[in-house]
Protein chains: 2
Amino acid sequence: MTYCVGLYLRDGLVLLSDTRTNAGVDHISVFCKMQVEEVPGERVLAMLSAGNLAITQAVWNRLQEGVELSGVRHTLRSVPNMFRAAQLVGQAVRDVFAADGEALKAQEVRFDISLMLGGQIAGEAPRLFLVYAAGNFIEATADTPFLQIGEHKYGKPILDRAVSFDTALVDGVKLVLISMDSTLRSNLTVGLPVDLLVYRADSFAVTLRKRLTEEDAYLRIIREGWSSALRQAYLEMPRPDWVP
Amino acid sequence: MTYCVGLYLRDGLVLLSDTRTNAGVDHISVFCKMQVEEVPGERVLAMLSAGNLAITQAVWNRLQEGVELSGVRHTLRSVPNMFRAAQLVGQAVRDVFAADGEALKAQEVRFDISLMLGGQIAGEAPRLFLVYAAGNFIEATADTPFLQIGEHKYGKPILDRAVSFDTALVDGVKLVLISMDSTLRSNLTVGLPVDLLVYRADSFAVTLRKRLTEEDAYLRIIREGWSSALRQAYLEMPRPDWVP
């Protein structure tokens, strides 16, 4: 499995993905699930992926070669805006399904893919999308300022409670790492290292891209700190006085 | 869906179940998912259920009528120990599958059931089991002193971090309510009220059985308190100093 989370904030975007892929529990590898396209001064786009690795890599390869959208061949470096970018990713997913869907079905392999696409292209504000296996997509809004793909349940409670559109980027980094930590702790199929991307709105350049390994000092602070903070918070909650 | 959680502690058992059943999102009802058998001075058993309501009710009805195990008809009031009780529940599940499995398959309804069985019968210590749809089962131990059925992921991180075999019953109550709250908050198919059972080891009588509704004062403390405790804990974590 995989866990990827994206925050859509007033100040920009915070994206985090784990790197574990597994074909069974005895075949585990590290793959980066975050692909970035940057044209400084003009656009930054990042695509995060969950699901079957062969399918997600096929989608990314097609996107790099160019995908036809309404008769015109585009890449993420040429689409005019983020809506077209999401359509392009969706079309790439549909193209892979058209090419491989039948063969996968014959082997009883599910066409399992979900993607997150975030970024900004000059002329509009940053946007964040979740693209489904059918190639259709939804977009994060200020009401629901985060999206998740993959193994999303363990890390959702903290996001539900603490993320708002006005969360600062630096706090967003803290939150996605806490959310990832809950997932890492409870599910073996999500694993370190993790890839982080921070994008400050209207900067049109990657603000920060960083891989955090097990040895990373801040990640350790989060991992140990959050566990003891949770235990402390639970200890400080009042006890029920009606338990005999 | 459903969320049920059981703690297996040195001092006894703490069991909690929600009450929401749904057939689609527009058909929601309240059903108690916790059934209790008590023979004061001799035994207390509680069964918690998740899955298809018709199947879980069929299992409980069969258990009340009596189920044949190795040629002898038993109920949960007559089995000699908890291992036999778990076998009896597993046999009831298999009997329902034998009776209804084919008809369910014809309607493409999955044979979806999982059960938790906890309690104590005089002569041995309290025990806690999780019974699968195949009728086989696992048992909680001091190493892993909790079991969950149904929508278990949202409420797992706090249990992974805070429950140990030496947790006091009163703290166990706090923990299962926090775990339930995370689930309620993040998943609509799990709903209030919740049913709580506390069993103190070697008491051979239900220590506490209580339904907590939305109006319950302590449940409110947990729900509001845990949300703000989580937010507070996140705010108190150090910020990364490397985010530009």
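The values are calculated or read from the model by the stated rules, or taken from the named source; none is laboratory data. Predicted model only: the values in this text are computed from it and were never measured. All Cβ positions, glycine included, derive from the backbone under ideal geometry; neighbour counts span all protein chains shown.
Quick grid of which residues meet (1) at pLDDT 95 or above; (2) over 23 Å from B:S182 (Cβ atoms):
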{"residue": "A:P126", "(1), (2)": "yes, yes"}
{"residue": "A:V131", "(1), (2)": "yes, yes"}
{"residue": "A:G135", "(1), (2)": "yes, yes"}
{"residue": "A:T144", "(1), (2)": "no, no"}
{"residue": "A:G155", "(1), (2)": "no, no"}
{"residue": "A:V163", "(1), (2)": "yes, no"}
{"residue": "A:A168", "(1), (2)": "yes, yes"}
{"residue": "A:D171", "(1), (2)": "yes, no"}
{"residue": "A:L184", "(1), (2)": "no, no"}
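Can you tell me which residue is nearest to B:E224 (Cα to Cα) among those in the stretch B:177-210 that are facing chain A (nearest Cβ under 10 Å) and not in a helix (DSSP H, G or I)?
B:N187
Listed here are the residues, each with its yes/no results for (1) under 17 Å from B:K33 (Cβ atoms); (2) of a type in the set (S, T, Y).
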{"position": "B:M180", "(1), (2)": "yes, no"}
{"position": "B:N187", "(1), (2)": "yes, no"}
{"position": "B:D195", "(1), (2)": "yes, no"}
{"position": "B:R200", "(1), (2)": "no, no"}
{"position": "B:K210", "(1), (2)": "yes, no"}
{"position": "B:T213", "(1), (2)": "yes, yes"}
{"position": "B:R220", "(1), (2)": "no, no"}
{"position": "B:W226", "(1), (2)": "no, no"}
{"position": "B:A229", "(1), (2)": "no, no"}
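Out of the stretch A:15-45, which residues are over 20 Å from A:G191 (Cβ atoms) and surrounded by 15 or more Cβ atoms within 10 Å (Cβ to Cβ)? Write out each step before concluding.
Within the stretch A:15-45, the subset over 20 Å from A:G191 (Cβ atoms) is A:36-45.
The answer is A:V36, A:E37, A:E38, A:V39, A:R43, A:V44, A:L45.
Within the stretch A:104-113, does at least one residue satisfy the condition of being within 30 Å of B:E224 (Cα to Cα) and acidic (D, E)? Before the answer, list the steps.
Here is the first cut: in the stretch A:104-113, the ones within 30 Å of B:E224 (Cα to Cα) are none.
Checked against the condition, which is being within 30 Å of B:E224 (Cα to Cα) and acidic (D, E), the stretch A:104-113 yields no hits at all.
Report yes if some residue within the stretch B:98-116 is small (G, A, S), in contact with a helix residue (DSSP H, G or I) (Cβ under 6 Å, 6 or more places away or on another chain), under 21 Å from B:A46 (Cβ atoms) and modelled with pLDDT of 95 or more; otherwise report no.
Taking the stretch B:98-116 as the starting set, the residues that turn out to be small (G, A, S) are B:98-99, B:101, B:103, B:106, B:114.
Going one step further and asking which of them are in contact with a helix residue (DSSP H, G or I) (Cβ under 6 Å, 6 or more places away or on another chain), we end up with none.
Looking for residues that are small (G, A, S), in contact with a helix residue (DSSP H, G or I) (Cβ under 6 Å, 6 or more places away or on another chain), under 21 Å from B:A46 (Cβ atoms) and modelled with pLDDT of 95 or more, one finds none in the stretch B:98-116, hence no.
Would you tally the residues in the stretch B:20-40 being closer than 14 Å to B:R209 by Cβ and assigned to a loop (DSSP other than H, G, I, E, B)? Outline the logic, then answer.
Step one: list which residues in the stretch B:20-40 are closer than 14 Å to B:R209 by Cβ, which gives B:32-38, B:40.
If we keep only those that are assigned to a loop (DSSP other than H, G, I, E, B) as well, we get B:32-33, B:40.
Qualifying residue count, the stretch B:20-40: 3.
Which of the residues belonging to the stretch B:29-46 are touching a residue at least 60 places away in the same chain (Cβ under 8 Å) and small (G, A, S)?
Result: B:G41, B:A46.
Scan (1) touching a Gly at 6+ places or on another chain (Cβ under 7 Å); (2) more than 30 Å from B:G51 (Cβ to Cβ); (3) touching a residue at least 12 places away in the same chain (Cβ under 8 Å) for the single condition B:F146 breaks and write down its number.
So the condition that B:F146 fails would be (2).
Please go through the stretch B:13-44 and give me each residue that is within 26 Å of B:T144 (Cα to Cα) and in contact with a helix residue (DSSP H, G or I) (Cβ under 6 Å, 6 or more places away or on another chain), ordered by number.
Once the filter is applied, which keeps residues that are within 26 Å of B:T144 (Cα to Cα) and in contact with a helix residue (DSSP H, G or I) (Cβ under 6 Å, 6 or more places away or on another chain), the stretch B:13-44 yields B:V14, B:L16, B:Q35.
If you check A:K174 against the conditions, is it at the interface with another protein chain (Cβ under 9 Å from one of its Cβ atoms), part of a strand (DSSP E or B), out of contact with any Ser or Thr (no Cβ under 7 Å at 6 or more places or on another chain) and closer than 30 Å to A:A122 by Cα?
Details: at the interface with another protein chain (Cβ under 9 Å from one of its Cβ atoms): yes; part of a strand (DSSP E or B): no; out of contact with any Ser or Thr (no Cβ under 7 Å at 6 or more places or on another chain): yes; closer than 30 Å to A:A122 by Cα: yes.
So A:K174 does not fit the description; no.
For the stretch A:55-85, what are the residues that are of a type outside the set (S, T, N, Q), in a helix (DSSP H, G or I) and touching a Leu at 6+ places or on another chain (Cβ under 9 Å)?
Start the filter on the stretch A:55-85 by keeping residues that are of a type outside the set (S, T, N, Q), which leaves A:55, A:58-60, A:62-63, A:65-69, A:71-74, A:76-77, A:79-80, A:82-85.
Right, trim to in a helix (DSSP H, G or I) and you get A:55, A:58-60, A:62-63, A:65, A:82-85.
Once the filter is applied, which keeps residues that are of a type outside the set (S, T, N, Q), in a helix (DSSP H, G or I) and touching a Leu at 6+ places or on another chain (Cβ under 9 Å), the stretch A:55-85 yields A:I55, A:V59, A:L63, A:M82, A:R84, A:A85.
Is it the case that B:R62 is in contact with an Asp or Glu (Cβ under 8 Å, 6 or more places away or on another chain) and either modelled with pLDDT of 95 or more or farther than 26 Å from B:V109 by Cα (or both)? It would help to see each step written out before you state the result.
On the way: in contact with an Asp or Glu (Cβ under 8 Å, 6 or more places away or on another chain): yes; either modelled with pLDDT of 95 or more or farther than 26 Å from B:V109 by Cα (or both): yes.
Taking the combined requirement at face value, the residue satisfies it.
If I filter the stretch A:39-75 down to residues being touching a Lys or Arg at 6+ places or on another chain (Cβ under 8 Å) and not β-branched (V, I, T), which single residue comes out as farthest from A:R20 (Cα to Cα)?
Within the stretch A:39-75, the subset touching a Lys or Arg at 6+ places or on another chain (Cβ under 8 Å) is A:39, A:43, A:48-50, A:52, A:56, A:66-67, A:69, A:74.
This time we only want the ones that are not β-branched (V, I, T), so: A:43, A:48-50, A:52, A:66, A:69, A:74.
Numbers: A:R43: 28, A:L48: 13, A:S49: 12, A:A50: 10, A:N52: 12, A:G66: 27, A:L69: 32, A:H74: 30 Å.
Looking at the filtered set, the residue picked out is A:L69.
State all residues of the stretch B:160-171 that are in contact with a Gly (Cβ under 8 Å, 6 or more places away or on another chain) and within 9 Å of chain A (Cβ to nearest Cβ); if no residue qualifies, say none.
If we filter the stretch B:160-171 for residues that are in contact with a Gly (Cβ under 8 Å, 6 or more places away or on another chain), which is where we start, we get B:163, B:169.
Answer for the stretch B:160-171, where residues must be in contact with a Gly (Cβ under 8 Å, 6 or more places away or on another chain) and within 9 Å of chain A (Cβ to nearest Cβ): just B:L169.
Residues of the stretch B:211-227 being among the charged types (D, E, K, R), in a helix (DSSP H, G or I) and surrounded by 13 or more Cβ atoms within 10 Å (Cβ to Cβ), which ones?
B:R223
Given A:R84, A:R77, A:R20, A:R43, which one is within 24 Å of A:L197 (Cα to Cα) and touching an Asp or Glu at 6+ places or on another chain (Cβ under 6 Å)?
Values: A:R84 fails: touching an Asp or Glu at 6+ places or on another chain (Cβ under 6 Å); A:R20 fails: touching an Asp or Glu at 6+ places or on another chain (Cβ under 6 Å); A:R43 fails: touching an Asp or Glu at 6+ places or on another chain (Cβ under 6 Å).
Residue meeting the stated conditions: A:R77.
Working carefully through the options A:L196, A:L230, find the one that is in contact with a Lys or Arg (Cβ under 7 Å, 6 or more places away or on another chain), free of Cβ contacts under 8 Å to residues at least 40 places away in the same chain and either surrounded by 15 or more Cβ atoms within 10 Å (Cβ to Cβ) or of a type outside the set (G, A, S) (or both). Reasoning before the result, please.
Numbers: A:L196 fails: free of Cβ contacts under 8 Å to residues at least 40 places away in the same chain.
The conditions single out A:L230.
So A:Y234 clears everything in (1) within 8 Å of chain B (Cβ to nearest Cβ); (2) in a helix (DSSP H, G or I); (3) modelled with pLDDT of 95 or more except one condition, right? Which one?
In the conditions (1) within 8 Å of chain B (Cβ to nearest Cβ); (2) in a helix (DSSP H, G or I); (3) modelled with pLDDT of 95 or more, A:Y234 misses (3) alone.
For the stretch A:136-159, state whether one or more residues are more than 8 Å from chain B (Cβ to nearest Cβ) and either touching a Pro at 6+ places or on another chain (Cβ under 6 Å) or on the phi > 0 side of the Ramachandran plot (or both).
yes
Filter the stretch B:93-115 down to the residues that are surrounded by 21 or more Cβ atoms within 10 Å (Cβ to Cβ) and touching a residue at least 60 places away in the same chain (Cβ under 8 Å) and list them by number. Working first, answer last.
Our first condition is that a residue be surrounded by 21 or more Cβ atoms within 10 Å (Cβ to Cβ); within the stretch B:93-115, this holds for B:93, B:96, B:113-115.
Listed by number, the residues that qualify are B:I113, B:S114, B:L115.
Within the group B:G118, B:G90, which residue is in contact with a strand residue (DSSP E or B) (Cβ under 9 Å, 6 or more places away or on another chain), surrounded by 16 or more Cβ atoms within 10 Å (Cβ to Cβ) and assigned to a strand (DSSP E or B)? Give the steps one after another, and end with the answer.
Details: B:G90 fails: assigned to a strand (DSSP E or B).
Matching residue, one of B:G118, B:G90: B:G118.
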